[in-house]
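As structure tokens, the structure follows; a few thoughts come after it.
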Amino acid sequence: MTVLDLPGRDQRSLYVFDGLGAGNPSLAHLRELHRRPENARFFGALLEAIESAVDHAGDDAYRAGLHDGLPLRSWLTGTGRVSRRMLEHSVVTAVCTHFHQLCMLLPRSGRSAGASGGPVAAIGHSLGLYAAVIAAVREQSPRRYLELCRRSIAFVVLVTVRAHQIARPDDVDPAVMDRYRRAGASMPEPGPMAAVTGMAAPALRDVVERHNERLGVAAVEIGLLNSPMFHVLSGRTESLVEFWLEHRRWIDEMAGRWEFLGNTAPFHSSVLRPAIRLIEGDRRFIDYDIDAGRLTVPVYGTESARNLQGSADLFRDVAEQPLTRPLDWNAAVRGAFTSRRPDVVVDFGPGASAGLFTRLCLRESGHRTPFTTVIRKPER
């Protein structure tokens, strides 16, 4: 499928997978891979799994945000209309990102993740945790790998669809929007997640806690601690707008920066807790047959430096992590380095965020571990 520029067996590799910060991987590249005859079975099986999962969810679950459903098959063949707005929707971004990562891990003769010796650990940033789990299984049978991928991509479809099913509606009171536009005229349209950069986590945590105590509810939550000075808040859009209006001067005084992100659901927040009940109802359909015992190497990417090899219910842990639990990326990176001592980091992307945050965390801790990015080039 692809030739991967991976370290050899004598190197201890840490595999890193991007998630919410990946943006959408190039549709043109996915189209190129889809056109190759040798990839027909793989793409056909995963597209069928995506369509089956969408049908299982039902129109009412996704039509509010995805009016045309998830017609990835027609997008890949160039027969379907695709807009930038559709590609930026978090369901589409998540599914395309995971599809891309599964392509990069596809076992094949010659060089592959397995042929290189595989990782000594894998970490997944938010929804990248799904690919980290697949990498840790290190399945080298193409038939069994395909079955893993079918279930995993159906899982990603349903987790993100259920998240949006719970998150809607997320309208902002017109009076609050008017205040926002007057105060931040040059800022983008607000959303349910916002990056706050340039300040240490304890200072931000203190302000968030005092803000929520005053309201008597967890209106705004620190969803992701990406690096020592890069954090993400999550919650209802109106709650984030009100937080910014109240604390924008403090953010300026701290030499910080606020930026609403393009995510279309408040991932890593308690807002999505009801979605877990819906996902539990999908458990039999997904038929996710990976348990902790199948993870051949440690997997990190949770609210602490926790190795998912110790998970009592991997399905539940993987479902909850990107939806309702905070992510401490610095802790995940430290956990992987402390326990496994890798001597090279392999960044599977497809975006730059997870790799960048990993570099920042390692720089803070004094590690000088080399990085390599997976290089994709057509087979000859």
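Among the numbered conditions (1) touching a Lys or Arg at 6+ places or on another chain (Cβ under 6 Å); (2) closer than 20 Å to T324 by Cβ, the only one that T197 does not meet is (2). Determine whether the range 130-151 contains at least one residue that is among the polar types (S, T, N, Q) and within 15 Å of the chain's Cα centre (by Cα). No, that holds for no residue. The set of residues from the range 296-335 being farther than 18 Å from V137 by Cβ, touching a residue at least 40 places away in the same chain (Cβ under 8 Å) and in contact with a Pro (Cβ under 7 Å, 6 or more places away or on another chain) comprises just one member, N330. I'm checking my understanding of the structure. Among residues of the range 132-183 that are small (G, A, S) and within 24 Å of D55 (Cα to Cα), which one is modelled with the lowest pLDDT? Filtering the range 132-183 for residues that are small (G, A, S) and within 24 Å of D55 (Cα to Cα), the one modelled with the lowest pLDDT comes out as A167.
Scanning the range 59-96 for residues that are part of a helix (DSSP H, G or I), buried (at least 16 other Cβ atoms within 10 Å of the Cβ) and under 20 Å from the mean Cα position of the chain (by Cα) yields a total of 10. Selection of the range 336-354 for residues being touching a Pro at 6+ places or on another chain (Cβ under 6 Å) and aliphatic (A, V, I, L, M) yields only V344. Of the residues examined, A40 is not one that is within 22 Å of the chain's Cα centre (by Cα) and modelled with pLDDT of 90 or more. Put simply, of S109, S90, S52 the only residue that is in the same structural domain as T160 (by the TED database) and modelled with pLDDT under 85 is S109.
The values are calculated or read from the model by the stated rules, or taken from the named source; none is laboratory data. Please read these numbers as outputs of a predicted model, since none were measured by experiment. Virtual Cβ from ideal backbone geometry, glycine too; neighbours counted across all protein chains shown.
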